[in-house]
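First comes the structure, then the notes that go with it.
The values are calculated or read from the model by the stated rules, or taken from the named source; none is laboratory data. Predicted, not measured: the structure shown is a model, and the values here were computed from it. Neighbour counts are summed over all protein chains in view; Cβ atoms, including those assigned to glycine, are modelled from backbone coordinates with ideal geometry. For the accessible areas, the whole protein counts, side chains as well, though only heavy atoms, and no ligand, DNA or RNA atoms are used. Shrake-Rupley method; radii C 1.70, N 1.55, O 1.52, S 1.80 Å.
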Amino acid sequence: MQIDKSLHIPLYRQVEQILEEKIISGQWEVGSQLPTEQELSDRFDVSTITVKRAVIELVNKGYLFRQRGKGTFVSGSAKEQDLNSIISLSGSEQEHPHEMLSFKYETAGSEIAQKLRIDPEDEVIKIERLKIENNDPLALEYTYLPADKCQGLTPEMINNDLIFNILKNRFHIALKRAKVFIRPYILPNHQAKLLQVEAGTPVFEWERITYTKQEDIIEFSKFYIRSDKEVYYTEVQL
């Protein structure tokens, strides 16, 4: 397939369609690296800006992902995840591999205090972790817990467990519900490094607030999830 500059279809869209066809047809296998933007520019006789826009569109669709310092690659099939099972408060007993990045006690501050409905001077536990799947970073997690409700919590107690399980099994807190907000998010440089993708890569931002049966807020978390690794669905009974 070639670019036809006489068509009214934008050039970047034509490049995008050609590259997408190569991926769908299997001509470019999962994990294979794309030619450089300059090489594609020469091949299609278009500017590198045109190629870059086409590539970004395919990254946004989940066909490609960019790895910092290495290049652009064909994505594998994203894992399907049921939104209802993810949000469920009944945590799985299986192990959930994580890498602990930071664990500390600190003053809440105004923003976190507002989320947890506590005073800004109150102490919270801030946990920063990477969720790992098949040896690749899947999600970056930031969790805040009121320190007075989780006294004595240490990094060793968390290991590879879910926060829901920690709250229920270690601190015997009865959980009632969780409210989750999902937004698109563009990764800045420092978070992109942790997730091993290029700065500017679009990901899912999940913001979760968890309530006890007494309607107290016990947890506030933010998750930044790679869009090339997960696809979400919900099923409706008709």
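If I model a spin label as a point 7 Å beyond the Cα along the Cα-Cβ vector, how far apart are those points for Glu207 and Gln38 in nm?
4.2
Go through Lys168/Lys229; Lys22/Lys131; Lys168/Lys222 and tell me which ones have a Cα-Cα distance over 23 Å in this structure.
With Cα atoms farther than 23 Å apart: Lys168/Lys229; Lys22/Lys131.
Using 20 Å as the cut-off for backbone N distance, which residues of region 123-152 belong to the label zone defined by a point 7 Å from the Cα of Arg170 along Cα→Cβ?
Counting backbone N atoms under 20 Å from the label point, the list is 123-132, 140-152.
Report which label in (1) 53, 37, 34; (2) 50, 35, 31; (3) 67, 43, 32 holds the value of Cα extents along the principal axes in Å derived from the coordinates of this structure.
It is the value labelled (3).
If you take the Cα atoms of region 134-176, find Rg, then find the Kirkwood Rh from the mean of 1/r over all pairs, what is Rg/Rh?
1.00
Which stretch or stretches of region 128-148 have amide N atoms under 11 Å from the point lying 7 Å from Leu194's Cα along the Cα→Cβ direction?
Answer for region 128-148: 128-131, 139-143.
Which percent of the accessible area of the chain is formed by carbon and sulfur heavy atoms (probe 1.4 angstrom)?
That fraction is 47 percent.
Determine the gain in length on full extension of the stretch Ser102-Asp136; use 0.36 nm per residue of separation and subtract their C-alpha separation, reporting nm with one decimal. Could the numbers behind the result be given before it?
Values: separation 34, 0.36 × 34 = 12.24 nm, distance 1.86 nm.
Residue separation times 0.36 nm, minus the Cα-Cα distance, leaves 10.4 nm.
Would you mind computing, in nm to one decimal, how far apart the modelled labels at Asp122 and Glu29 are, each placed 7 Å from Cα along Cα→Cβ?
5.5
Have a look at Phe73, Phe220, Phe181 and tell me which one the Gaussian network model of the chain (Cα, springs below 10 Å) gives the largest fluctuation.
Phe181
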